[in-house]
Amino acid sequence: MAIFDGLNFFICGHLGYNTHALANKIESYGGTLSPTFTRKVTHIITTEQEVRKMSSPIVRGTQLGITFVAVRWILDSAKKDHLLDPYDYIIDPQKSAHPSSSRPSAAA
């Protein structure tokens with residue numbers, strides 16, 4: 001089943017998962033893994049740690065409004081044999097780059 005049909009992925013950083021195996025999984029489900037970051041990329045597979053580094057692909061992806069997802073989204077979607085809602089797998093560059101303070105605000 002081509003659950004990733006029309007999706008073009010780019011890997012940014014070390015995911016803790018074998019890149020070759022991930023590429024095979026993406027391609028076997030109809031997706032494309034781009035070796036370089038281009039405007040065709042629809043999703044960046046990365047980690048919160050990588051997003052905090054604000055590397056060039058992260059900055060450019062943020063500017064272009066590309067979705068950042070954890071590798072688990074690919075693996076879980078493939079395991080379920082259908083495209084899962086990425087909501088629980090999204091890595092938000094705004095939240096990762098500027099973690100909110102856990103301190104309560106002062107009362108007025």
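Run K80 past the list (1) open to solvent by 90 Å² or more (accessible area, probe 1.4 Å); (2) at positive phi and report the number of the one that doesn't hold.
Every listed condition holds for K80 apart from (2).
Residue pairs, Cβ under 9 Å, 6 or more apart or interchain, first in the stretch 13-28 and exposed (fewer than 15 other Cβ atoms within 10 Å of the Cβ), second of a type in the set (D, E). List them.
H14/E50
If you take the residues of the stretch 1-40 that are among the aromatic types (F, W, Y) and at pLDDT 95 or above, which of them is farthest from F68 (Cα to Cα)?
Y29
Looking at (1) in a helix (DSSP H, G or I); (2) in contact (Cβ under 8 Å) with a residue 60 or more places away in the chain, which is the one condition that is false for H82?
(1)
Please go through the stretch 33-76 and pick out each residue that is of a type in the set (A, V, I, L, M), outside any loop (DSSP other than H, G, I, E, B) and open to solvent by 40 Å² or more (accessible area, probe 1.4 Å).
Keep residues of the stretch 33-76 that are of a type in the set (A, V, I, L, M), which gives 33, 41, 44-45, 51, 54, 58-59, 64, 66, 69-71, 74-75.
Applying the additional criterion that residues be outside any loop (DSSP other than H, G, I, E, B) yields 33, 44-45, 51, 58-59, 64, 69, 71, 74-75.
Result: V59, L64.
The values are calculated or read from the model by the stated rules, or taken from the named source; none is laboratory data. Because the structure is a prediction, the values reported are computed rather than measured. Cβ sites come from the backbone with ideal geometry, for glycine too, and all protein chains shown count toward neighbours. Note: accessible area is taken over every heavy atom of the protein model, side chains too, but ligands, DNA and RNA are not part of it. Shrake-Rupley method; radii C 1.70, N 1.55, O 1.52, S 1.80 Å.
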